[in-house]
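One structure is given below, encoded as structure tokens.
Just so it is clear, none of the values below were taken in a lab; they were calculated from the coordinates. From a predicted model like this one, the values you see are computed outputs, not experimental measurements. Glycine gets a Cβ as well: all are built from the backbone with ideal geometry, and neighbour counts include every protein chain shown.
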Amino acid sequence: TLPLRLSSPATCGTCHGNGARPGTGPRTCPTCSGVGLVNRSQGAFAFSEPCRDCRGRGTIIDQPCQECGGEGVSDRTRTLTVRIPPGVDDNQRIRLAGQGEPGRGGAPAGDLYVRVHVRPHEVFARSGNDLTITVPVDFSEVALGTTVTVPTLDSRVSLKVPAGTSSGRVLRVRGKGITRRDGTRGDLLVTVQVVVPGKLDAKARKALERYAETVADTDPRPEITALLRDRE
């Protein structure tokens, strides 16, 4: 729930929308008899047009309200409370009935439409009602398997990363996404991203070199190797 402060036309608080000075009131226009239209003939044609004396209102104000000048509407600054429903989408409109610009001559007010813009999150992204997050891991964690702690919107969860998980794999955590209007929730989609260190110390480099020697006979790209062999 958010407060919304705006300056907009509103029903005049002095004349309550009728446009006349307090203690007086509008009178029926004698020209159009309160209809707001007059009939005119031009040759063989007859047509109606707005009454020029009352400007189509049907009433005449002899003593206009000092606040609104007889319009029945004046600009006011007001604060409204807007309820943002769960699961709202970016650019979605919320209708506030009767909170728009008031009609002339005391007619009912229209509606106010509030357009919602959802600010991006620094960690989470959104896909419909699912939340997405990318979790960096190192090579040893995906090779041997590990458990990582992942934040949610309101808490945290522990997520098992199976041994042999490839970079870019998406793991799903049920019910940890965006809450829908019916109360159900989307999922949290966790993308595993292997991070390659930019710099290695001597100890880490030697360990990787020993690993490389151990798996030297294992080809990580057999399809490409076979294609290259066919083209020799």
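If only the Cβ of Lys and Arg carry +1 and only the Cβ of Asp and Glu carry -1, the dipole of the chain around its Cα centre is close to 600 debye. Here the stretch 125-230 is treated with +1 on each Lys and Arg Cβ and -1 on each Asp and Glu Cβ, and its dipole about the Cα centre works out to around 500 debye. Using a cut-off of 17 Å between alpha-carbon atoms, which aspartates and glutamates can reach LYS199, once sequence neighbours fewer than 8 places away in the same chain are excluded? Straight-line reach from LYS199, under 17 Å: ASP138, GLU209.
Global dimensions of the stretch 125-230 from alpha-carbon coordinates: Rg and Dmax equal 18.5, 58 Å.
Taking a straight Cα-Cα cut-off under 19 Å and skipping sequence neighbours fewer than 8 places away in the same chain, the aspartates and glutamates within cross-link reach of LYS176 are ASP89, GLU122, ASP130, ASP154, ASP187. Residues whose amide H falls under 5 Å from that of LEU171, counting only those 5 or more places apart or on a different chain, are VAL190, THR191, VAL192, with hydrogens built in the peptide plane.
Diagonalising the gyration tensor over the Cα atoms of the stretch 1-83 and scaling each eigenvalue by 5 before taking the square root yields semi-axes of 35, 18, 8 Å, largest first.
For ARG76, the residues whose amide H sits under 5 Å from its own are SER8, ALA10, ignoring neighbours fewer than 5 places away on the same chain, with H placed 1.01 Å from N. Taking the inverse of the mean reciprocal distance over all distinct Cα pairs, the Kirkwood hydrodynamic radius of the chain comes to 25.4 Å. 3J(HN,Hα) couplings calculated from phi for the stretch 123-137 with the Karplus curve 6.51 cos²θ - 1.76 cosθ + 1.60 (θ = phi - 60°) are, in sequence order, 10, 8, 10, 9, 10, x, 9, 9, 8, 10, 8, 9, 10, x, 9 Hz; Gly and Pro show x. In the chain, a dipole from Cβ-located charges (positive for Lys and Arg, negative for Asp and Glu) runs towards its positive end, and of VAL118, THR218, SER167 it is VAL118 whose Cα lies farthest in that direction.
Residues whose amide H comes within less than 5 Å of that of GLN63, counting only those at least five positions distant or on another chain, are ARG21 (H built at 1.01 Å from N in the peptide plane). When the stretch 125-230 is described by a simple charge dipole with +1 on each Lys and Arg Cβ and -1 on each Asp and Glu Cβ, the residue from VAL196, LEU228, VAL157 located farthest towards its positive end is VAL157.
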